[in-house]
Amino acid sequence: MDPWIHRSKNMLCPTCMYFAPKAIEGQAETSVGRCRRHSPTANGYPVVLNNDWCGDHKLNELSVPQESNTKRG
């Protein structure tokens with residue numbers, strides 16, 4: 001059992017500004033991408049999955065659904 005599961009829920013790679021999804025021809029979405037948090041090594045950028053997370057997560061505001069700005073009257 002992962003004691004950090006509750007903390008990692010909102011820190012998954014696809015919601016991070018450093019996440020670059022892998023484009024696969026014929027698929028709208030993919031379950032893998034690359035982490036661009038640090039400079040690439042000789043092997044390139046690290047491969048990450050949609051359910052991965054790390055302590056360097058920085059929220060990408062464009063990947064999180066926005067609440068509507070409607071006023072209640």
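All of the numbers you see were taken from the coordinates with simple rules; none came from a lab. Quick caveat: nothing in here was measured; it's all calculated off a predicted structure. Glycine also receives a Cβ, built like all others from the backbone with ideal geometry; neighbour counts cover every protein chain displayed.
Near residue 16: Cβ cut-off under 9 Å, other residues only, Lys/Arg at +1 and Asp/Glu at -1. The net charge is +1.
Against the 2.2 N^0.38 Å scaling, with N counting residues, where does the range 1-57 land? I'd like the Cα-based Rg ratio to two decimal places.
So the range 1-57 has a normalised radius of gyration of 1.20.
Kindly rank 49-55, 25-31, 15-21, 36-42 from highest to lowest mean number of other beta carbons found within 10 Å of each residue.
So the order, starting with the most tightly packed, is 15-21, 49-55, 36-42, 25-31.
Summing Lys, Arg as +1 and Asp, Glu as -1, what charge do residues with Cβ under 10 Å from the Cβ of residue 47 carry, residue 47 excluded?
Working: positive: 22, 34; negative: 52.
My count for the surroundings of residue 47 gives +1.
What does the charge add up to near residue 31, with Lys and Arg as +1, Asp and Glu as -1, over the other residues with Cβ less than 11 Å from its Cβ?
Details: positive: 22; negative: 29, 52.
Neighbour charge sum, excluding residue 31 itself: -1.
Taken one residue at a time, the phi angles of the range 35-41 give Karplus couplings (6.51, -1.76, 1.60, θ = phi - 60°) of 8, 10, 5, 10, 4, x, 9 Hz. Gly and Pro are set to x.
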